[in-house]
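What follows is one structure encoded as structure tokens, with my remarks underneath.
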Amino acid sequence: MKKLVVITGASSGFGMAMAKKFAKEGYPLLLLARRVEKMEEMNLPNTICRKVDVTDLEGFEGAVREAEEKYGKTDLIVNNAGIMLLGNIETQDPREWKKMLDVNVIGVMNGMKIVMSDMKERKSGTIINFSSIAGVQPFGNHGAYCASKYGVTGLTAVARGEMSPHNVRVLSINPGAVNTELLGHTTDENIIKGYNEWKESVGAINITADDVATTVKFAYELPQAVSLREIIITDTMQDA
Ligand code: NDP
């Protein structure tokens, strides 16, 4: 039996694509998101699906410990759950900023905290955090989203330094625009329209969630001694 893989945000987009890909190769899985029925509908083998909000450390940890009882310690956690509420800092509802920072930053830190000491003790394990190309360069109307994703880039780099003496890999993946449910969270219709028009105008519409999942699995399956520290992956036609 392969080792346990934990994926947050597995009810759609990248998380769902990763769940299918890892399951196909026989990895036991713990899938977490709020819409548990979407994960259960995939009907994947050796898979536990739990309704967990990643901002709830206790609930998150409970689900991980339950899966570890059954499948052994977590060898990979993919902190993928995230939301994107685009808006201008001047006009956006501050509750949207807070929500994004809670899910995108605190949710990721919760996932790391839950597995780090065990991985350190075992001198093995991998943490892959989903940042974004918006975590390494600015985009208009992305103020709070960039704040959250630059946050993920920063905290991942800090953890990489702290965990490297213990042979634990800490990677960040920074995708560009890929069609998933992500843009659907944004409440400003004009921003949604502008984002879609830009993607269409440059032709950045061919990369898929499955391509991102393939990349994550590739990075994980490299030997433990090899760390693809930061991966930027975009559609070839994306111009920024
Ligand atoms: P989706 O909206 O398709 O998926 C987001 C996932 O996160 C869903 O499964 C959702 O599940 C889950 N989620 C959201 N909030 C919570 C929460 N509080 N607790 C638990 N799960 C939660 O988007 P993507 O697949 O595109 O996004 C995945 C990651 O990739 C995100 O971190 C995003 O920022 C990042 N990213 C995406 C890009 C893109 O263009 N698609 C580009 C760069 C980065 P549920 O609602 O059921 O809880």
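Bear in mind that the values in this text are calculations on the coordinates, not laboratory data. None of the values given here were measured: they were computed from a predicted structure. Note that each Cβ is placed from the backbone with ideal geometry, even for glycine, and that neighbours are counted across all protein chains shown.
Of the helices (runs of 4 or more DSSP H) lying entirely inside region 1-88, those carrying at least 1 residues that are in contact (Cβ under 8 Å) with a residue 40 or more places away in the chain, near the ligand (Cβ under 9 Å from one of its atoms) and surrounded by 24 or more Cβ atoms within 10 Å (Cβ to Cβ) are 13-24.
Of the residues making up region 186-215, those that are buried (at least 16 other Cβ atoms within 10 Å of the Cβ) and either within 17 Å of M100 (Cβ to Cβ) or in contact with a Cys (Cβ under 9 Å, 6 or more places away or on another chain) (or both) number 4. Taken together, the residues in region 160-170 that are buried (at least 20 other Cβ atoms within 10 Å of the Cβ) and touching a helix residue (DSSP H, G or I) at 6+ places or on another chain (Cβ under 6 Å) amount to 2. Taken together, I133, I205 contain a single residue that is in contact with a strand residue (DSSP E or B) (Cβ under 7 Å, 6 or more places away or on another chain) and more than 29 Å from G26 (Cα to Cα), which is I133. Filtering region 121-139 to residues that are out of contact with any Ser or Thr (no Cβ under 6 Å at 6 or more places or on another chain), in a strand (DSSP E or B) and within 12 Å of the ligand (Cβ to nearest atom) leaves I128, F130.
Scanning region 97-108 for residues that are within 13 Å of the ligand (Cβ to nearest atom) and touching a residue at least 40 places away in the same chain (Cβ under 8 Å) returns M100, L101, D102, V103, N104, V105, I106, G107, V108. For region 118-146, the set of residues classified as within 15 Å of the chain's Cα centre (by Cα) and of a type in the set (F, W, Y) consists of F130, Y145, listed by residue number.
Among the residues of region 193-236, just one is without any contact (Cβ under 8 Å) to a residue 40 or more places away in the chain and touching a helix residue (DSSP H, G or I) at 6+ places or on another chain (Cβ under 7 Å), namely I205.
Take the conditions within 12 Å of the ligand (Cβ to nearest atom) and not in a strand (DSSP E or B) and apply them to T91. Does it pass? So T91 does not fit the description; no. Residues that are outside any helix (DSSP H, G or I) and in contact (Cβ under 8 Å) with a residue 60 or more places away in the chain occur in region 153-172; there is at least one.
Residues in region 104-120 that are buried (at least 22 other Cβ atoms within 10 Å of the Cβ), in contact with a Gly (Cβ under 7 Å, 6 or more places away or on another chain) and among the β-branched types (V, I, T): 1 in all.
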